[in-house]
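The values are calculated or read from the model by the stated rules, or taken from the named source; none is laboratory data. Here the structure is a predicted model, which is why all the values come from computation and not from measurement. Here the Cβ is made from the backbone with ideal geometry for all residues, glycine too, and neighbour counts use every protein chain on show.
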Amino acid sequence: MVQEFKNYWKHLRIKAGLREEKEFGFEYERVLLRKDRKGAPVVRLLGNHSSLHCGCAAVVMALRETAKIKGWRLATFREPYDAVVVNGEGSMHHSSENFRKKMGVLQKAVEAGIPAYLVNSVWQDNCNEYDSVLRQLSGVQVREKLSERDLREKHGIEATVCIDAAFFWGPTVEKNDKLNRSGVAYTDFRCPETDIFVRNDDLFPHADYLSMRETRWEDMIQKMSGYEYIITGQHHAVYAACKARTPFIASEGNSHKIRGLIESANADIPTATSPKEFSLLLSQVENYRHEYEKLFDWMSDQSADRIFPNPPK
């Protein structure tokens, strides 16, 4: 009886729009076209990875907020919609399971005549199975130039580029802010054998550990702003460091997203190919101070208006 009441209460909260960020597996299996077009246009946002860490949560918050500013109303539980927007984020590489899941719902949308968009995405070394779907999308937006190049050269798709939506959520340190910075902090790194991100205290016995899973996005930016340098293997940790204007030493994960960000700003910042290179790069980081400032300035010049499509006129 208690569990039935909890399920019923959860259902009411979703129907009332109090859980509009929640998504369910069945939503990738079929689409719900709205027939009554009265009122504000309704959009379903899919691709919520908020449970992974604070950076992914910031992405969803920024996308939802921008959608509302633009005049969209976000669809809630089992509510039909006028358009579907899929947050590609870090899923869209090497024909992964999540890549197929997201391309699958985009395919169903275009087949049903629903405007469909892929936004905020990496794109690397995917199969050509969904090229016809890509050509029918109402918009394709990636986060950096390497993904743009992959789509153009391997799939014949011209994508727009805008940095990750997380950058537009939470506080950003201003260029001339005078902060008392000291020490080094590090976050998790991808383990090649398991393809998961792990903590490694042995590599950095004298540095502080920052958990992207256990810290709010706003707090992560504030904490990073107090350090001289950040060492990380996480894409969104790089973004938090950039919002804090803190130089970072990064190793790439399972795609080119960190290197793509740096190259998009035409910045000359080295990245590590293995943890063994961190000590050397840390000793050289001040040689690249101007390049970090170049990256930070370029990111600050980007507009949040571009992270979400405009509603139909």
*Is it the case that some residue within region 287-298 is at negative phi and either in a loop (DSSP other than H, G, I, E, B) or of a type in the set (G, A, S) (or both)?*
no
*asked:* Restricting to region 130-146, count the residues that are in contact with a Ser or Thr (Cβ under 8 Å, 6 or more places away or on another chain), farther than 19 Å from A265 by Cα and of a type outside the set (A, V, I, L, M, F, W, C).
replied: 1
*Which of the residues belonging to region 238-273 are among the charged types (D, E, K, R) and within 23 Å of E218 (Cα to Cα)?*
K243, R245, K257
_Any hit, region 134-157, residues being surrounded by 22 or more Cβ atoms within 10 Å (Cβ to Cβ), in contact with an Asp or Glu (Cβ under 6 Å, 6 or more places away or on another chain) and touching a residue at least 12 places away in the same chain (Cβ under 8 Å)_ = yes
*asked:* Against the definition (modelled with pLDDT of 95 or more and of a type in the set (G, A, S)), how does A83 come out, yes or no?
replied: yes
*Does G17 satisfy being modelled with pLDDT under 95 and within 23 Å of Y239 (Cα to Cα)?*
no
*asked:* With at pLDDT below 95, under 27 Å from S91 (Cβ atoms) and of a type outside the set (A, V, I, L, M, F, W, C) as the only criterion, which of P309, P275 stands out?
replied: P275
*Could you tell me whether any residue of region 73-91 is outside the structural domain of N254 (by TED's automatic domain parsing), surrounded by fewer than 18 Cβ atoms within 10 Å (Cβ to Cβ), of a type in the set (D, E, K, R) and farther than 28 Å from E218 by Cα?*
yes
*Counting only residues that are of a type in the set (S, T, N, Q) and surrounded by fewer than 19 Cβ atoms within 10 Å (Cβ to Cβ), which one in region 256-285 is farthest from D188 (Cα to Cα)?*
N266
*farther than 24 Å from A57 by Cβ, exposed (fewer than 15 other Cβ atoms within 10 Å of the Cβ) and without any contact (Cβ under 8 Å) to a residue 12 or more places away in the chain, is that true of D177?*
no
*What residue, among those in region 195-247 that are within 18 Å of I163 (Cα to Cα) and of a type in the set (F, W, Y), is nearest to the chain's Cα centre (by Cα)?*
Y239
*Restricting the search to region 187-219, which residues are β-branched (V, I, T) and touching a residue at least 40 places away in the same chain (Cβ under 8 Å)?*
T187, T215
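To keep it simple, each residue is scored yes or no on (1) part of a strand (DSSP E or B); (2) farther than 23 Å from I258 by Cβ.
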residue	(1), (2)
V110	no, yes
E129	no, yes
V133	no, yes
Q141	yes, no
R152	no, no
I157	no, no
G170	no, no
K178	no, yes
D201	no, no
